[in-house]
1. Run down Val135, Val142, Val164, Val180 and say which single residue is under 16 Å from Val34 (Cβ atoms) and either surrounded by fewer than 24 Cβ atoms within 10 Å (Cβ to Cβ) or of a type in the set (A, V, I, L, M) (or both).
2. Is it the case that Asn123 is open to solvent by 10 Å² or more (accessible area, probe 1.4 Å) and either over 21 Å from Thr188 (Cα atoms) or more than 16 Å from the ligand (Cβ to nearest atom) (or both)?
3. Please indicate, with yes or no, whether at least one residue in the range 149-170 is more than 27 Å from Ser128 (Cα to Cα) and touching a strand residue (DSSP E or B) at 6+ places or on another chain (Cβ under 9 Å).
4. Quick one: in the range 30-39, of everything that is within 16 Å of the ligand (Cβ to nearest atom) and buried (at least 21 other Cβ atoms within 10 Å of the Cβ), which residue is farthest from Ser155 (Cα to Cα)?
5. When you go through (1) charged (D, E, K, R); (2) open to solvent by 40 Å² or more (accessible area, probe 1.4 Å); (3) within 16 Å of the ligand (Cβ to nearest atom) one by one for Lys42, which number turns out not to apply?
6. Output the residues belonging to the range 4-29 that are more than 26 Å from His221 (Cα to Cα), more than 14 Å from the ligand (Cβ to nearest atom) and open to solvent by 20 Å² or more (accessible area, probe 1.4 Å).
7. Among the numbered criteria (1) at pLDDT 95 or above; (2) assigned to a strand (DSSP E or B); (3) surrounded by 14 or more Cβ atoms within 10 Å (Cβ to Cβ); (4) not aromatic (Phe, Trp, Tyr), which one does His185 miss?
Amino acid sequence: MTASLSVSELLYGHGQPLFSPLSFACQPGKIWAVLGANGRGKSTLLDTLTGVLPALGGQFSVDGGVSVVPQSFRPAFAWQVQDVVLMGRARHVALFSQPSADDRQQVAKALSQLNISALAQQNFGTLSGGQQQLVMIARALVSGSQNILLDEPCSALDLANQQVVLQLISDLAHRQQRSVLFTTHDPTHALQVASHTLMLLPEGKWLAGETDDVVTDRHLHQAYGVPVRTLTLDDYPRQVIAPLFSIER
Ligand SMILES: Nc1ncnc2c1ncn2[C@@H]1O[C@H](COP(=O)(O)OP(=O)(O)OP(=O)(O)O)[C@@H](O)[C@H]1O
């Protein structure tokens, strides 16, 4: 299948390239996780792929539209939650037209999928960080874009909501054949839902490929500089990651 998001020999960064030329491709129905230490260049990659920052070299192509879920969003006005989500329908609403009943129905459906229908009429700015994150994911859901990029979508979420969002990421790819890329600080999330992983390493190095090949103890140690153990459990189909911190308690 043809990739909808394709990166070829890409150089990106703020003035200086952060990595050696980067190449990978995301096909419809696939999920890429992006792992890497703080300040390594995950958000900058998303900014480059969405055109916020110019690429410094190489190429990338994004077919079928792209929708991004940023880490945080501060609307200029006191928008209600349902209006923030409705903004995701912008490219489907003709200039000087009102959103249709279908647009509003899609907003209601997305809020329901994320279990936040009760927040529809609340002022977005008064929500908790985690609730705001769920609203931003709802906005991406209604966009209809082929490519969905999420910047740390679970960073402010409790365990139950992490499962809601990871399940949605899985549904977006497997049921709707969208191409999904998300950044995360939790390598277990990569093992849980990502078919592929891009791991950003020190000294401009990177690894990209199938998650089981990339997310290994050795590579995680290289990425974060701490010992890490991949655990296989008897009654759970996926491996989980445990950092082996040696701290007195
Ligand atoms: N506006 C900017 N101007 C110059 N340098 C920047 C700018 N924004 C980020 N950087 C630098 O680019 C590098 C990559 O930052 P980026 O935000 O992409 O990292 P990240 O992997 O998303 O980090 P985190 O996990 O902490 O969110 C860092 O060294 C950062 O200091």
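The values are calculated or read from the model by the stated rules, or taken from the named source; none is laboratory data. Keep in mind that what you see is a predicted model, and the values were worked out from it rather than measured. Cβ placement follows ideal geometry from the backbone for every residue including glycine, while neighbour counts extend to all protein chains displayed. When the accessible area is computed, the model is the full protein with side chains, heavy atoms only, and any ligands, DNA or RNA have been set aside. Shrake-Rupley method; radii C 1.70, N 1.55, O 1.52, S 1.80 Å.
1. Details: Val135 fails: under 16 Å from Val34 (Cβ atoms); Val142 fails: under 16 Å from Val34 (Cβ atoms); Val164 fails: under 16 Å from Val34 (Cβ atoms).
None of the other options fit; the residue is Val180.
2. Numbers: open to solvent by 10 Å² or more (accessible area, probe 1.4 Å): yes; either over 21 Å from Thr188 (Cα atoms) or more than 16 Å from the ligand (Cβ to nearest atom) (or both): yes.
Yes: the conditions hold for Asn123.
3. Here is the first cut: in the range 149-170, the ones more than 27 Å from Ser128 (Cα to Cα) are none.
Looking through the range 149-170, none of the residues is more than 27 Å from Ser128 (Cα to Cα) and touching a strand residue (DSSP E or B) at 6+ places or on another chain (Cβ under 9 Å).
4. The initial filter retains those residues of the range 30-39 that are within 16 Å of the ligand (Cβ to nearest atom), namely 32-39.
Then drop every residue that is not buried (at least 21 other Cβ atoms within 10 Å of the Cβ), which leaves 32-36.
Numbers: Trp32: 17, Ala33: 14, Val34: 14, Leu35: 13, Gly36: 14 Å.
That would be Trp32.
5. Single failed check for Lys42: (2).
6. Matches in the range 4-29: Ser6, Ser8, Gln27, Pro28.
7. So the condition that His185 fails would be (2).
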